[in-house]
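The values are calculated or read from the model by the stated rules, or taken from the named source; none is laboratory data. For clarity, every value in this text was computed on a predicted model and none was experimentally measured. Cβ sites come from the backbone with ideal geometry, for glycine too, and all protein chains shown count toward neighbours.
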Amino acid sequence: MIIDSHTHIFSEQVRQDRSHFFDNEPEFKLLYNSPKAKTGNIVELLESMDKYGIDISVICGFPWRTPDFTQQNNDVIIEAVQKYPDRIKGLACFDAAWSGASKETQRCIEAGLCGAGELAFYLSGIDNEALSYLKPVMAVLRDSGNLPCMIHTNEPVGHKYPGKTPITLEQIYTLAKTFPDNKIILAHWGGGIFFYNIMKKETKTTLKNIWYDTAASPFLYGSQIYKIAVNAGVADKVLFGTDFPLLTPDRYYKDIENSSINSRQKEQILGKNAALLYG
């Protein structure tokens with residue numbers, strides 16, 4: 001079974017004219033101002049799944065600042081999950097700073113979604129204020145069966161690109177320490193923090209409830225990233241994610257094939273880990 005743990009879809013209003021959604025949405029404008037930035041819908045996602053042999057996709061929207069945009073996008077996610085329950089799972093997405101974030105999390109869970117994400121702090125990084133915003137959301141997720149939360153992270157060095165946040169490894173580590181009982185998925189390989197799983201003291205325990213997805217990996221890392229993750233002891237914590245519609249799955253398949261990991265490890269990354277995480 002292949003599970004794509006990181007995909008995005010939008011409403012048709014956004015797809016028809018995204019410029020109407022730029023006002024008071026600096027993060028959305030930052031990532032989608034270019035016409036080359038793709039916005040997918042559920043039909044296109046299902047077509048891609050069929051083409052590349054993906055059995056299940058986990059979908060999310062965008063962390064809008066405007067509550068109406070948030071609820072509209074989450075309703076699109078809910079509709080897709082209810083229409084295709086065997087193929088589509090969904091996450092509640094919102095701006096964590098919104099006072100209604102925890103209630104929206106609860107609303108979406110009651111409608112059938114299986115967690116929250118991709119939550120992001122594109123302009124600030126995950127600072128102390130961001131952690132305070134996350135607390136009520138994390139409480140709802142814990143109280144709802146400890147559902148996972150996917151959070152945008154990125155490597156703190158290297159080339160710049162739209163959506164690269166001013167995050168630090170210390171902030172990512174503090175996130176894990178602040179919510180030790182929550183299941184947290186760090187998007188985009190967690191900025192590389194999984195390497196510290198090999199340390200002898202503290203970090204292995206601190207990172208015990210952390211997962212890492214592969215979204216955007218072909219843009220960021222060589223294929224050896226998979227072998228490095230296996231050697232770091234996190235083969236059971238890596239989730240295949242394409243960031244659809246950013247990249248097609250075959251780009252990831254090629255890297256995984258070239259990574260020299262064994263067939264059991266490939267099966268874990270491509271689907272078994274996600275199946276266990278999401279039940």
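Taking the range 15-46, which residues are assigned to a helix (DSSP H, G or I), free of Cβ contacts under 8 Å to residues at least 40 places away in the same chain and either out of contact with any helix residue (DSSP H, G or I) (no Cβ under 7 Å at 6 or more places or on another chain) or closer than 17 Å to Ile78 by Cα (or both)?
Arg15, Gln16, Ser19, His20, Lys29, Val43
Surrounded by 15 or more Cβ atoms within 10 Å (Cβ to Cβ) and in contact with a Ser or Thr (Cβ under 8 Å, 6 or more places away or on another chain): does that describe Ile54?
Spelling it out, Ile54 is indeed surrounded by 15 or more Cβ atoms within 10 Å (Cβ to Cβ) and in contact with a Ser or Thr (Cβ under 8 Å, 6 or more places away or on another chain).
For the range 201-211, indicate whether the set of residues that are within 30 Å of Glu47 (Cα to Cα) and buried (at least 20 other Cβ atoms within 10 Å of the Cβ) is non-empty.
Among the residues of the range 201-211, at least one is within 30 Å of Glu47 (Cα to Cα) and buried (at least 20 other Cβ atoms within 10 Å of the Cβ), which makes the answer yes.
Evaluate the range 191-207: report whether one residue or more is in contact with a helix residue (DSSP H, G or I) (Cβ under 9 Å, 6 or more places away or on another chain), outside any helix (DSSP H, G or I), polar (S, T, N, Q) and modelled with pLDDT of 95 or more.
No, that holds for no residue.
Select from the range 93-134 the residues that are buried (at least 19 other Cβ atoms within 10 Å of the Cβ) and of a type in the set (Asp, Glu) and write down the one among them that is nearest to Cys149 (Cα to Cα).
Glu118
Looking only at residues that are touching a residue at least 40 places away in the same chain (Cβ under 8 Å) and within 15 Å of Val238 (Cα to Cα) in the range 161-187, which one is surrounded by the fewest Cβ atoms within 10 Å (Cβ to Cβ)?
Of everything passing the filter in the range 161-187, Lys183 is surrounded by the fewest Cβ atoms within 10 Å (Cβ to Cβ).
State all residues of the range 12-51 that are among the acidic types (Asp, Glu), closer than 21 Å to Ala120 by Cα and surrounded by 15 or more Cβ atoms within 10 Å (Cβ to Cβ); if no residue qualifies, say none.
First, pick out the residues of the range 12-51 that are among the acidic types (Asp, Glu): 12, 17, 23, 25, 27, 44, 47, 50.
Then keep just the ones that are closer than 21 Å to Ala120 by Cα; that gives 23, 25, 27.
The answer is Glu25, Glu27.
Of the residues Ala229, Ala215, only one is under 23 Å from Arg251 (Cα atoms), in a helix (DSSP H, G or I) and either basic (Lys, Arg) or at pLDDT 95 or above (or both); which?
Numbers: Ala215 fails: in a helix (DSSP H, G or I).
Checking each option against the conditions leaves just Ala229.
Name the residue that is farthest from the chain's Cα centre (by Cα), counting only residues in the range 232-279 that are among the β-branched types (Val, Ile, Thr) and part of a loop (DSSP other than H, G, I, E, B).
Among those residues, the one meeting the criterion is Ile261.
In the range 188-213, which residues are closer than 17 Å to Leu247 by Cβ and in contact (Cβ under 8 Å) with a residue 60 or more places away in the chain?
Asp213
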